[in-house]
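The values are calculated or read from the model by the stated rules, or taken from the named source; none is laboratory data. These figures come from a predicted structure and were not determined experimentally. Cβ coordinates were reconstructed from backbone atoms using ideal geometry, including for glycine residues, and neighbour counts include every protein chain displayed.
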Amino acid sequence: MRKFLSPSFLLPLVACIVLGAVWTREVGTILLVVVAAALIAAVLVGVHHAEVVAHRVGEPFGTLVLAMAVTVIELALIGSMMLSGSPAASTLARDTVYATVMIVCNGVVGLCLLLGAIRHHVMIFQVEGVGQALAVLAPLTTLTLVLPGFTTTAPGSEYSPSQLVFAGVASLVLYGAFVFVQTVRHREYFLPVETGDGEAHAPRPSVAATLASLVLLIICLVAVVGLAKKLAPSIEAGVRAAHAPQAVVGICIALLVLLPETWAALRAATRNQMQTSLNLALGSALATIGLTIPAVAALSISIGLPLTLGLAGTGTTLLALTLLVSAITLATGRATVLDGTVHLILFGAFLFLSVVP
C-alpha cells in the first residue's frame, strides 16, 4: 500500500489529471504555472522509472528505451503542431531536429563532461561506441539538414518528393544499422566502463517492478508531450512578443521534450557513468533524425504540407563545427573539464545566434 502512495506512483497520475483538466481550456497565467510544475514533476519521475527499466534490461537497451520513447513523443508533438497550421509549421521539423542535435551534442554532452569531470577529474568511456554514433550522425545531419539547401530540383531549402523519399529511407536504414550494431553485433562497444561505483552493482529490480515502471514511464511521457503541447502556444506567443526569430520555437520545444533524457544523462555523469550519458545523448540525437525525418517526410508528401529542411549558412557552420569538435573531444575515450567547457561555449553560441542571427 505504501508503494502506491509514493510520489513515483502518484505524480504520473497527477500529471495526467492536470493534463485532462486543461486540455480543452485556455492556459492563463495561473494554469501556466500549474502546467509547468506538472511537466517538471512528470520529467523527474519519468527519469526514475526509466532508470528502473534500464537497470533491469541492462545497457545499452535501457538507454535505448528512453531515447526511443522520447523521440516518438517528440515526433507526435511536431506532427500535431504541423497539422494545426502553426505559423512555424513548414520549418518546425527542421528547427526542432537541428535544435535537438545542438542541445544534445553541445549542451547535454558539455554539461555531463563538465559536471562529471569536476567531481571525478577524468571521464572515461568507450571510444568504439562513440565513434560508431558519430559516424552515423555526420551523414544523417548532412543528408537531412545541409543538402536540401544545395539541391536544385525544388525551390529554396526544400527537397522534391522523390528526394524526400530517398532522405527518409536513408535515415531509417542508417538508424536501423546503428541500433543493430548497438544491441546485437557489437553491444560490447556501448557497455559502461567499470569505475568501481557501488551504485552500478545494486540489485536488479523484479520483473513486476520493471513492468510497473515501464507503464508509469509511458504515462509520464504521454503527460510530458501533452503538457508541452499546452505550453507550445504560450511559447509561440512569447517568442512573437519578444520579436525573436521563429526558430526559437523549435529550440523551446526541443528543450522541453529533452528534459527527461538530459536529467538522466546528468545523473549518470555525476555517478561516473559517462558511457551511459553518451549512450543517452548521442542515441537521442540519432533517433530524432532517424525517426522524425522519415515520419514528417511521409506526412508532408501524403497531405501536401510544405517542408523546409535546409539550414542557413550560420546553422550549417555551427553544425559542422559541432561534429568536428565532437570527433576531437570524444576521440580518445577520456575527457576533462576543458572538453566540457568547449562544448558548452558552442552551445552558448548556438543559443545566442538563434536569438540574434
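Taken over region 1-48, residues that are touching a residue at least 24 places away in the same chain (Cβ under 8 Å), within 16 Å of Leu227 (Cβ to Cβ) and among the hydroxyl-bearing types (Ser, Thr, Tyr) amount to 0.
Being under 23 Å from Val72 (Cα atoms) and modelled with pLDDT of 90 or more: is that true of Gly168 here? Criteria met by Gly168. The set of residues in region 155-173 being crowded, with 16+ Cβ neighbours inside 10 Å and aliphatic (A, V, I, L, M) consists of Leu164, Ala167, Ala170. Of the helices (runs of 4 or more DSSP H) that lie entirely inside region 243-343, those containing 3 or more residues that are free of Cβ contacts under 8 Å to residues at least 60 places away in the same chain and more than 18 Å from Leu114 (Cβ to Cβ) span 313-329. A Cβ distance below 6 Å, combined with a sequence gap of six or more or placement on separate chains, defines the contacts here; from region 49-65, residues that are modelled with pLDDT of 75 or more and in a helix (DSSP H, G or I) reach residues that are crowded, with 19+ Cβ neighbours inside 10 Å and not small (Gly, Ala, Ser) in the pairs His49/Leu216; His49/Leu217; Ala50/Leu66; Ala50/Leu217.
For every residue, the table says whether it meets (1) among the basic types (Lys, Arg); (2) within 19 Å of the chain's Cα centre (by Cα); (3) within 18 Å of Asp339 (Cα to Cα).
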{"position": "Leu111", "(1), (2), (3)": "no, yes, yes"}
{"position": "Pro161", "(1), (2), (3)": "no, no, no"}
{"position": "Val169", "(1), (2), (3)": "no, no, no"}
{"position": "Leu174", "(1), (2), (3)": "no, yes, no"}
{"position": "Phe180", "(1), (2), (3)": "no, no, no"}
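In the set (1) buried (at least 18 other Cβ atoms within 10 Å of the Cβ); (2) among the hydrophobic types (A, V, I, L, M, F, W, C); (3) part of a helix (DSSP H, G or I); (4) in contact (Cβ under 8 Å) with a residue 24 or more places away in the chain, Val239 fails one condition alone, (4). Among the residues of region 113-134, are any more than 20 Å from Ser284 (Cα to Cα), in contact with a helix residue (DSSP H, G or I) (Cβ under 8 Å, 6 or more places away or on another chain), assigned to a helix (DSSP H, G or I) and among the charged types (D, E, K, R)? Yes, region 113-134 contains at least one residue that is more than 20 Å from Ser284 (Cα to Cα), in contact with a helix residue (DSSP H, G or I) (Cβ under 8 Å, 6 or more places away or on another chain), assigned to a helix (DSSP H, G or I) and among the charged types (D, E, K, R).
Could you list, in sequence order, all residues of region 18-31 that are farther than 12 Å from Val222 by Cβ and surrounded by 13 or more Cβ atoms within 10 Å (Cβ to Cβ)? Scanning region 18-31 gives Val18, Ala21, Val22, Val27, Leu31.
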